[in-house]
1. So residue 134 ticks every box in (1) away from the ligand (no atom under 15 Å from the Cβ); (2) within 29 Å of residue 91 (Cβ to Cβ) but one. Which box is left unticked?
2. Which is at pLDDT 95 or above and part of a loop (DSSP other than H, G, I, E, B), of 33, 72?
3. Give the residue, chosen from 107, 46, that is without any contact (Cβ under 8 Å) to a residue 24 or more places away in the chain and over 21 Å from residue 217 (Cα atoms).
4. I need the full set of residues from region 203-216 which are in contact (Cβ under 8 Å) with a residue 40 or more places away in the chain and surrounded by fewer than 22 Cβ atoms within 10 Å (Cβ to Cβ), in order please.
5. Working carefully through the options 186, 167, find the one that is more than 22 Å from residue 244 (Cβ to Cβ) and within 14 Å of the ligand (Cβ to nearest atom).
6. Test of understanding: among 235, 167, 230, which residue is more than 24 Å from residue 119 (Cβ to Cβ) and outside the structural domain of residue 61 (by TED's automatic domain parsing)?
7. Tally up the residues in region 194-220 that are within 16 Å of the ligand (Cβ to nearest atom), assigned to a loop (DSSP other than H, G, I, E, B) and farther than 19 Å from residue 238 by Cα, please.
Ligand code: ZN
């Protein structure tokens, strides 16, 4: 949001008083479209639309696919994206019409930092392994992208769990970082989307809730090596193992 305010500041300096008044009104009411430091949508999106702006929306809604589902990040606004929009709107008390317009985008702007991560998670806490995101199973840029998508899933899960903080004990790992902690050679931590949670909620509550937020990889209590954390990630096919939690 900081960049947005700088942009508005420059606009104020360059514009006449009448225009300034309009811009101040935008900030004060929050009802009109805002500029955002990460990404700004410039049209309403609904079923049938497609493009990069739809894909950007799908990334932010990756945590709202419904139980056991994964939202495709394909840039095509179909029924699954519409349902995800409705779930997001319901979660935040917006009018749930399945159309992504000003209200929905303004809520997303409020939820995202200028580096496009959601406000309650950061690249720094996700990667305590190295500063480059390299050395994993995929390119650094792919690992960082996968991390960002997992963060948006967690942001949705955090909201559903009452907005209490989620504590990350480990996320992205290079091969050497993964070996150092005894991670398996196929670990999702090597891909950037794997994340281990500990802390405020019970491990079973985390594992059970994760089923609603787009995580295909859920490993928790009762599964080998997972009695002290709940692991979430994005395997190509579903792998849910937390037998002590009924999963
Ligand atoms: Zn893990």
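The values are calculated or read from the model by the stated rules, or taken from the named source; none is laboratory data. It should be emphasised that the depicted structure is a prediction, and the values quoted were computed from it without experimental measurement. Every residue, glycine as well, gets a Cβ built from its backbone with ideal geometry; the counts of neighbours run over all protein chains shown.
1. (2)
2. Working: 33 fails: at pLDDT 95 or above.
Of the residues listed, the single one that is at pLDDT 95 or above and part of a loop (DSSP other than H, G, I, E, B) is 72.
3. Details: 46 fails: without any contact (Cβ under 8 Å) to a residue 24 or more places away in the chain.
Being without any contact (Cβ under 8 Å) to a residue 24 or more places away in the chain and over 21 Å from residue 217 (Cα atoms) holds for just one of 107, 46, which is 107.
4. Taking region 203-216 as the starting set, the residues that turn out to be in contact (Cβ under 8 Å) with a residue 40 or more places away in the chain are 203-207, 209-216.
Listed by number, the residues that qualify are 204, 205, 209, 211, 212, 216.
5. Values: 167 fails: more than 22 Å from residue 244 (Cβ to Cβ).
That would be 186, the only listed residue that is more than 22 Å from residue 244 (Cβ to Cβ) and within 14 Å of the ligand (Cβ to nearest atom).
6. Numbers: 167 fails: more than 24 Å from residue 119 (Cβ to Cβ); 230 fails: more than 24 Å from residue 119 (Cβ to Cβ).
Checking each option against the conditions leaves just 235.
7. 1
Quick grid of which residues meet (1) touching a helix residue (DSSP H, G or I) at 6+ places or on another chain (Cβ under 8 Å); (2) in a helix (DSSP H, G or I); (3) surrounded by fewer than 16 Cβ atoms within 10 Å (Cβ to Cβ):
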{"site": "115", "(1), (2), (3)": "yes, no, yes"}
{"site": "128", "(1), (2), (3)": "no, no, yes"}
{"site": "133", "(1), (2), (3)": "yes, no, no"}
{"site": "137", "(1), (2), (3)": "yes, no, no"}
{"site": "145", "(1), (2), (3)": "no, yes, no"}
{"site": "148", "(1), (2), (3)": "yes, yes, no"}
{"site": "151", "(1), (2), (3)": "yes, yes, no"}
